[in-house]
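Chemist: Dropping a structure here in structure tokens format, bear with me for questions.
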Amino acid sequence: MRILVLGAAAGGGFPQWNCNCPNCRRARAGDPAALPRTQSSIGASADGLRWALFNASPDLRQQIGANPALHPRRPGRDSPIAAVVLTSADIDHVAGLLTLRESQKFALYATGRVQAALRDSAVFRVLSPASVARHEIVLGKPLELCDGEAAPLGLRVVPFAVPGKIALYLEDAAAEGWGTESGDTIGIEFSAAGGRRAYYIPACAELAPETASRIAGADLVLFDGTLWRDDELAAAGVGRKTGRRMGHMSMAGERGTLAAFAKLGIRRKIAIHMNNTNPVLLADSPEHAAAQEAGWEVAFDGMELEL
């Protein structure tokens, strides 16, 4: 199975269009240590011909253009994108669906709450049922992904709930946890021959015991690297929300990702979904060096992985 990182940054990308933090200034200046990244999404393929996307980034058109594996091959209208799997209803995970509206058949997989959020939006009704086959994910149940005409893709996944938060535009200020329910944020387990396992978890509020137990000993984990520290936005002078308020674990600290993963025996650990303020994006930063010392890689657009 091939995995292709289409975008490695969090919402807004890197550099973010309206951010003038030191990180973004370096990226705009073409600093080779501040590699630009689009918004988080990956693709997976069992045969190298038909691809499933995991999240549809607002930058999807750019990502398709940058990756020949996703280019049309046959005359006329054509696309190797056969399915899209959503891990949440966040804008930076669903907005790219609008790029796929030109009557191209594909299958769309999401939890019932995410599917309902899309159905309730008049904008997303451009995804005609005649072209887009919608499937509701059942958490914890193995799923054989198919294309828009129900042909198997050879990709077996297991969706599972992780601690997180309801999408910002769906928040209810009067409800506990802003109306968040289990399954509003999910991770994806990939299975391959020989018992090999990989995970894609672009958002996670904490490494709950059940999540840690599930991913322990995995061959590959792509995990939420949004912030280096919980108060990062305030420290950078670009926002007030903490990582916890946004439903993201931080990488550093006693309860951070680097510490939480230290004893899980994961062969390859890759941070993905980095916010533009995260110093781990800078290849020459002490934070990047600390992540590497802890056995982590930092995802970049176009990164290719095999399972």
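Chemist: Can you list the chymotrypsin sites (Phe, Trp or Tyr not before Pro) in segment 199-237 that are in a DSSP coil and have 12 or fewer other beta carbons within 10 angstrom? Display every interim value, and only then the final one.
Modeler: Numbers: sites: Tyr199, Tyr200, Phe223, Trp228; in loops: Trp228.
Answer in residue order: no site qualifies.
Chemist: When Lys and Arg each count +1 and Asp and Glu each count -1, what net charge do the other residues less than 14 Å away from Cys19, Cβ to Cβ, add up to? The partial results should precede the final answer.
Modeler: On the way: positive: Arg25, Arg26, Arg28, Arg37; negative: Glu232.
Counting the neighbours of Cys19, the net charge comes to +3.
Chemist: With springs only between Cα atoms under 10 Å, which of Val84, Val280, Val126 fluctuates most in a Gaussian network model of the chain?
Modeler: Val126
Chemist: Can you pull out the GluC sites (Glu not before Pro) in segment 206-304 that DSSP calls coil and that have at most 12 other Cβ atoms within 10 Å?
Modeler: Values: sites: Glu206, Glu210, Glu232, Glu254, Glu287, Glu293, Glu297, Glu304; in loops: Glu206, Glu254.
For GluC sites (Glu not before Pro) across segment 206-304 that sit outside H, G, I, E and B with at most 12 neighbouring Cβ atoms in 10 Å, the list reads Glu254.
Chemist: In a Gaussian network model over the chain where Cα atoms closer than 10 Å are linked, find which of Gly13, Gly253, Gly194 has the largest mean-square fluctuation.
Modeler: Gly194
Chemist: Using a Gaussian network model of the chain whose springs link C-alpha atoms within less than 10 Å, name the residue from Ala203, Ala262, Ala46 with the highest mean-square fluctuation.
Modeler: So, out of Ala203, Ala262, Ala46, the one fluctuating most is Ala262.
Chemist: In addition: Assuming a viscosity of 0.692 mPa s and a temperature of 37 °C, what translational diffusion coefficient in µm² per second does Stokes-Einstein assign to segment 26-159, Rh being the Kirkwood radius over Cα pairs?
Modeler: Values: Rh = 15.5 Å.
Answer, rounded: 211 µm²/s.
Chemist: Among the DSSP beta bridges whose two residues both lie in the chain, what percent are antiparallel, rounded to the nearest 5? Spell out each step's value before the answer.
Modeler: On the way: 25 of 51 bridges.
Percent antiparallel among DSSP bridges in the chain is about 50.
Chemist: What aspartates and glutamates does Lys165 reach when the alpha-carbon gap must be under 17 Å and sequence neighbours fewer than 8 apart in one chain are set aside?
Modeler: Asp90, Asp92, Glu176, Glu181, Asp184, Glu206, Asp224, Asp230
Chemist: Taking θ = phi - 60°, what integer Hz values does the Karplus form 6.51 cos²θ - 1.76 cosθ + 1.60 yield along segment 79-87, in sequence order, with x for Gly and Pro?
Modeler: 7, x, 6, 9, 7, 10, 10, 9, 9
Here, each number is a calculation from the coordinates, and none is a lab measurement. Quick caveat, the model's predicted, so the values are computed rather than measured. Note: ideal-geometry Cβ built from the backbone for every residue, glycine included; neighbour counts use all protein chains shown.
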